[in-house]
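In what follows, a structure is listed as structure tokens, so that the remarks can point back to it.
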Amino acid sequence: MPRRVAGSLPRMHQDRLGRVRAAMEARGIDVCLLSVGPDLPWLVGYEAMPLERLTMLVVPLHDRATLVVPKLEVPRVRHDTEVFDLRGWGETENPVDIVAELVGGASTAAIGNRTWSQFLVELQRRLHGVAFSNASEVLGPLRAVKEPAELDMLRTAAAAVDRIASELQAGDIALIGRTEAEVSAELGRRILAAGHHRVNFAIVAAGENAASPHHEPGSRVIGRNEVVLCDFGGTMLSASGAGYCSDITRCVVTGEPSAEMLEVYAVLDEAQRSAVAAGSVGATCESVDAAARSIIESAGLGEWFMHRTGHGIGVEEHEDPYIVAGNTHRLEVGNVYSVEPGIYLPGRFGFRLEDIVATSASGPEALNRANHSLVVVDA
Ligand code: ZN
Ligand code: ZN
């Protein structure tokens with residue numbers, strides 16, 4: 001039997017549903033269709049299993065929302081009866097027919113941007129004349145403005161990875177003589193032990209590999225006097241049923257850094273600090289990117305900073321708002337994003353420095369507080 005939850009959760013989900021409906025109305029969307037991905041847990045606290053059996057929340061503009069879910073997964077659903085109806089479908093039923101019936105006479109549908117094309121193609125075939133658009137246009141701007149409880153979750157998740165970064169800097173995590181993959185696995189274990197329910201990534205890049213921003217940790221053994229770049233994060237489950245992400249990057253050196261390393265790192269540290277400080281209410285995302293980039297360019301290193309400065313973070317590791325040239329979105333209270341400039345010298349070494357930052361009325365709040373220095377680790 002589905003469990004019934006009492007208290008504030010249905011109210012929170014009802015409130016979000018109300019805001020989604022207002023956004024649908026403003027955009028002329030008749031129905032929202034949400035499947036795998038973070039929109040569904042954010043909205044009703046249930047995460048669809050990413051399997052071949054369709055799970056889909058149908059949110060008509062005026063009728064009640066219905067969660068269409070495989071019958072065998074109904075026991076997983078924490079059913080807020082005040083928020084949505086539940087329609088379990090049996091093995092011999094076609095869930096696309098059920099969704100199509102619930103869509104009714106709608107002429108515009110917004111579908112979650114993580115929905116498998118298999119289902120989208122079937123729905124489009126079944127729903128002639130319905131114009132489909134991307135549900136991120138409806139939910140993205142709402143999810144980008146965090147509620148106080150969401151900010152608390154992001155602070156908790158940030159503090160958890162801060163502790164791991166401090167352990168790394170204190171030499172509690174052995175580096176020299178181990179492979180990147182071994183250190184990555186240990187970071188993963190610590191991410192779980194720190195209270196996350198999922199590891200999202202644990203990049204460990206040593207020496208010349210640190211010059212590859214999305215390096216896949218491998219069999220390379222970490223030596224002495226090398227840069228070790230660690231970028232890691234996980235998802236922490238909240239009481240609402242949605243998970244909130246952490247994401248931090250710190251670099252250490254296994255021995256005395258060279259003068260060049262110190263020089264490059266000092267530029268990066270200054271660039272990162274300026275970008276964090278630039279994140280006031282009303283500042284554009286591109287101006288935050290420019291704050292970091294201009295300092296790295298002035299130092300003659302602009303060519304080696306080839307990615308955007310940051311990304312929004314919440315129930316998804318990367319979401320709105322993106323801190324990138326061309327994004328004229330003005331930061332508002334409740335926006336949360338990463339500030340993570342990097343300088344990558346091909347074939348030699350690289351650095352990235354990343355904190356999560358929340359926009360607040362009193363100025364930018366860095367959620368990560370771990371030491372920014374290029375710490376020497378003899379471990
Ligand atoms: Zn990161
Ligand atoms: Zn990041």
> Among rounded, prolate and oblate, which fits segment 3-142 when a ≥ b ≥ c are the square roots of the eigenvalues of its C-alpha gyration tensor, a/c under 1.5 means rounded, and a/b larger than b/c means prolate?
Replying inline: oblate
>> Along each principal axis of its Cα atoms, how long is segment 239-379 end to end? Whole angstroms, biggest number first, please.
In response: 45, 36, 27
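Taking GluC sites (Glu not before Pro) that fall in a DSSP loop and have at most 15 other Cβ atoms within 10 Å as cut points, what is the longest piece of the chain between them? Don't jump to the answer; show the numbers that get you there.
Values: sites that count: 52, 82, 91, 93, 332.
Of all site-free stretches, the longest is 94-331.
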> Sorting 133, 107 by accessible area (1.4 Å probe), largest first, what list results?
Replying inline: 107, 133
> To the nearest µm²/s, what D does Stokes-Einstein give for segment 229-270 at 20 °C and 1.002 mPa s, using the Kirkwood radius over alpha carbon pairs as Rh?
Replying inline: 165 µm²/s
>> I'd like the distance between the alpha-carbon centres of segment 135-172 and segment 320-379, rounded to an integer number of Å.
In response: 12 Å
> Once every DSSP H run of n ≥ 4 in the chain is given -39500 (n - 2.57) and the sum is divided by its residues, what mean residue ellipticity at 222 nm do you get, rounded to the nearest 500 deg cm²/dmol?
Replying inline: -10500 deg cm²/dmol
>> How much of the DSSP bridge set in segment 3-142 is antiparallel, in percent, rounded to the nearest 5?
In response: 35 percent
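So, for segment 162-258, what is the accessible surface per residue at a probe of 1.4 Å, expressed in square angstrom? Write down the numbers at each step before the final one.
Details: 3440 Å² over 97 residues.
I get 35 Å² per residue for this part.
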> Could you state the number of Å between the C-alpha centres of segment 263-303 and segment 103-122?
Replying inline: 40 Å
> Dividing the convex hull volume of the Cα atoms of segment 131-245 by its residue count, what figure in Å³ per residue is obtained?
Replying inline: 135 Å³
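Can you list the trypsin sites (Lys or Arg not before Pro) in segment 202-273 that are in a DSSP coil and have 14 or fewer other beta carbons within 10 angstrom?
On the way: sites: 220, 224, 250, 273; in loops: 220, 224.
For trypsin sites (Lys or Arg not before Pro) across segment 202-273 that sit outside H, G, I, E and B with at most 14 neighbouring Cβ atoms in 10 Å, the list reads 224.
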>> For the chain, take the longest principal axis of its alpha carbons; what is the angle in degrees between that and the long axis of helix 8-27, to the nearest 10 within 0 to 90?
In response: 80 degrees
> Kirkwood hydrodynamic radius of the chain from all distinct Cα pairs, in Å?
Replying inline: 22.2 Å
> If ligands, DNA and RNA are left out, what is the accessible area of residue 262 with a 1.4 Å probe, given in Å² to the nearest 10?
Replying inline: 90 Å²
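Show 197, 215 ordered by accessible area, largest first, where the area counts protein heavy atoms only and the probe is 1.4 Å. Walk me through the numbers before you get to the answer.
Working: 197 80, 215 30 Å².
So the residues, ranked largest to smallest area, are 197, 215.
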> Relative to the first principal axis of the alpha-carbon coordinates of the chain, what is the inclination of helix 117-126, with its axis defined by its Cα atoms, in degrees from 0 to 90 and to the nearest 10?
Replying inline: 20 degrees
> Where both residues lie in the chain, what percent of DSSP beta bridges are antiparallel, nearest 5?
Replying inline: 70 percent
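The values are calculated or read from the model by the stated rules, or taken from the named source; none is laboratory data. Computed from a predicted model, the values in this text were never measured in an experiment. FYI the Cβ positions are ideal-geometry reconstructions off the backbone, even for glycines, and counts take in every protein chain you see. Keep in mind that these areas ignore ligands, DNA and RNA; they rest on the heavy atoms of the full protein, side chains included. Shrake-Rupley method; radii C 1.70, N 1.55, O 1.52, S 1.80 Å.
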